[in-house]
Amino acid sequence: MTDTTVVDLSFVPYVFLYVSNLDEARVYFGDWLGFHAIEEDPFCSKYDAGRTLIALNEIPGLPQTVDAGSMLRMHTGDDLAWHAEIADRGVDVAPDASSWEIDSPYGHRIGGFEPHPDTRVPVARRVDDIVANRRERAGGRALGRHPVVSIVQFVTHPATAREFYSDALGLTIAEEHPEDGATIYDCGSLLLEIRALDDVVGDDNAVVPRLSTVFEVSDCLGAVRALIERGVHFPTAPRRGPIGLTASFSDPDGHSYYLYEPSIDALSWPSGAFMRAGNFATGSR
């Protein structure tokens, strides 16, 4: 019997970034890249990154290799000006600034995103919505200038990845570019772009993932059952903790994801208020 449960994966409240030294990473992401911290404890720091939160999580001994399989993209408005701005703060950028990408000291690829001038383009409209929502929430509060608007996941077989993201997860397609092996999904708070791995420069792409993308769900157990019916593999049973109920899974290329049903306590924290402001479904609960 097929599970007909509707799984709504239309909001990404968190992007987990794994770092080897949390104190040093706080300086890099807060002071140098300009993200605004909204919640900190000895093990994690959470930053306002647009309509999603970046959560730095420390893993001591994490190898110092670049995760070439994923990339965060920040809304820059002007890539050249962005590179000059972060270089002035101490970020190591390429001298020719030809790729508009940087590698953090902790193995994260970070790229710029210049908005498309034609707002009729679906991706351009979504990016405008993310930026406008952020400005509205700020209410005069000082925030970093460049929100995260996209995650790029590089995949070995675009057709297989498209089946996973479109059919198994049921994500909404914003744009397709078959000639580039690329599909862009609208995940509400950011865009998720699947792109052929051939676009990545370098041979060693089999490294430890440096980020996990987190989807908020209203019923984690129901979502797990439905996704298992569609062929998604969950290596462990859902886990309940102070933050709520979580379940982890990966795509065919090993990119890391979580389902997250927040607890009542978690929704009372500053990060919970952020989620309610960024996601109308959470706010209505």
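Nothing in this text is a laboratory measurement; each read-out follows from the coordinates by a stated rule. Just so you know, these numbers come straight off a predicted model, no measurement behind them. Note: ideal-geometry Cβ built from the backbone for every residue, glycine included; neighbour counts use all protein chains shown.
Points worth noting:
- Pairwise FRET efficiency - residue 229 versus residue 36, Cβ, R0 = 35 Å, nearest 0.05: 0.30
- Projected onto their three principal axes, the Cα atoms of the stretch 1-112 cover extents of 58, 33, 27 Å, largest first.
- Its convex hull of Cα atoms gives the stretch 1-65 a direction-averaged projected area, equal to a quarter of the hull surface, of 7.0 nm².
- The length gained on full extension between residue 268 and residue 175, counted as 0.36 nm times the residue separation minus their Cα-Cα distance, comes to 29.9 nm.
- When peptides 70-76, 238-244 are ranked by their average number of other Cβ atoms within 10 Å per residue, the highest-first order is 70-76, 238-244.
- Estimated at 0.36 nm per residue, the fully extended path between residue 156 and residue 78 surpasses their Cα-Cα distance by 25.0 nm.
- Percentage of interatomic Cα-Cα distances in the stretch 38-103 larger than 16 Å: 63
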